[in-house]
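Asks: A single structure is presented below for examination.
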Amino acid sequence: METGPERGITLERGLVKGPEIHSQNPARLIEKIIRERILDSPYWKEQCFGLTAATLCDRAVELTYIGGQFGQQRPTPFLCLAFKAIQLQPEKEIILEYLAAEDFKYLRALAAFYIRLTFPAADIYKLLEPLLADYHRLKLRSMNGFRLIHIDEFADMLLTEERVCDIALPRLPKRIVLEDMEELEPRESALGSELSDSEGDSDDTNEVERNNGINSKEGQ
């Protein structure tokens, strides 16, 4: 049993003291078998003991890849830190600072993963959709080895898939449902914005051509 001053003190083998998330003990957001592997992993024992929300950030910026399990079902450091964040339950403002850290892409990815696991549905869309325009590369490690993805792909996985990094994600309502409930504004497509800009450019060009035609006639 761990002890320490941080919020979310361990009560028993991974369960934490603190407010429930999605009507359950926060630790149960990670399946028991994966939780056990995290708690038994060398990274957890050597790097995660005694972490606070501030020092968690220091560990996260040292990450060099994301992922769930690899090799003989060993948890990645990314997954260990995600579970530590669930134990600590940092204030929302701290998580938003992590998410805004564009210069530290793995810290940002960790914040996005934590948000998807713990935040209300409307906040998940509001906070993760802007990442769909972030094309920084990430290394993803799985049982099959490494592959490169981008932050926008990771955000899309969090918004559309049922399992990410070997973790079953809480159910996320469709965006249209939240729009109908007036919890979200309709999403403005980036493509639609580009088309509008293109149409605007076309209108400007046509107007210039008309003006040039009029000036030419007046000069005759």
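Asks: Which sequence of Ser41, Ser23, Ser142 reflects their accessible areas, 1.4 Å probe, from the largest down?
Replies: Values: Ser41 10, Ser23 105, Ser142 45 Å².
Most to least solvent-accessible, the answer reads Ser23, Ser142, Ser41.
Asks: Return the inverse of the average 1/r over all pairs of distinct C-alpha atoms in segment 93-160, which is the Kirkwood hydrodynamic radius, in Å to one decimal. Spell out each step's value before the answer.
Replies: Working: mean 1/r = 0.0826 Å⁻¹.
Evaluated on segment 93-160, it is 12.1 Å.
Asks: Given R₀ = 25 Å, what would the calculated FRET efficiency be for His22 paired with Arg163, taking r from the Cβ atoms and rounding to 0.05? Write out the running numbers ahead of the final one.
Replies: Values: r = 16 Å, r/R0 = 0.64.
In this case the efficiency is close to 0.95.
Asks: Can you give me the distance in nm between label points at Leu15 and Gln73, each placed 7 Å from the Cα along the Cα-to-Cβ direction?
Replies: 2.3 nm
Asks: Next question. Give the calculated FRET efficiency between Asp103 and Glu31 to the nearest 0.05, with a Förster radius of 41 Å applied to their Cβ-Cβ distance.
Replies: 0.80
Asks: Convex hull over the alpha-carbon atoms of segment 68-189: what's its volume per residue in Å³?
Replies: It comes to 108 Å³ per residue, whole-number rounded.
Asks: Roughly speaking, to the nearest percent, how much of segment 71-187's 1.4 Å accessible area is carbon and sulfur?
Replies: 48 percent
Asks: Right, something else. Using amide H atoms built in the peptide plane, which far-off residues or other-chain residues are under 5 Å from Val164 H to H?
Replies: Placed amide hydrogens put Leu169 under 5 Å from Val164.
Asks: Where only protein heavy atoms count, and the probe is 1.4 Å, what is the accessible area per residue for segment 13-141 in Å²?
Replies: Ligands and nucleic acids excluded, the result is 44 Å² per residue.
Asks: Nearest 0.05, what FRET efficiency do Thr52 and Asp180 give at R0 = 35 Å with Cβ-Cβ as r?
Replies: Values: r = 41 Å, r/R0 = 1.16.
Efficiency, rounded to the nearest 0.05: 0.30.
Asks: Here is the link list: Lys17/Lys105; Lys17/Lys45; Lys17/Lys92. Which ones come out longer than 25 Å on Cα distance?
Replies: Lys17/Lys105
The values are calculated or read from the model by the stated rules, or taken from the named source; none is laboratory data. Since we're looking at a predicted model, the values are computed, not measured. For neighbour counting, all protein chains shown are included, and Cβ atoms are generated from backbone atoms with ideal geometry for every residue, glycine included. Ligands, DNA and RNA are excluded from the accessible area calculation, which covers all protein heavy atoms including side chains. Shrake-Rupley method; radii C 1.70, N 1.55, O 1.52, S 1.80 Å.
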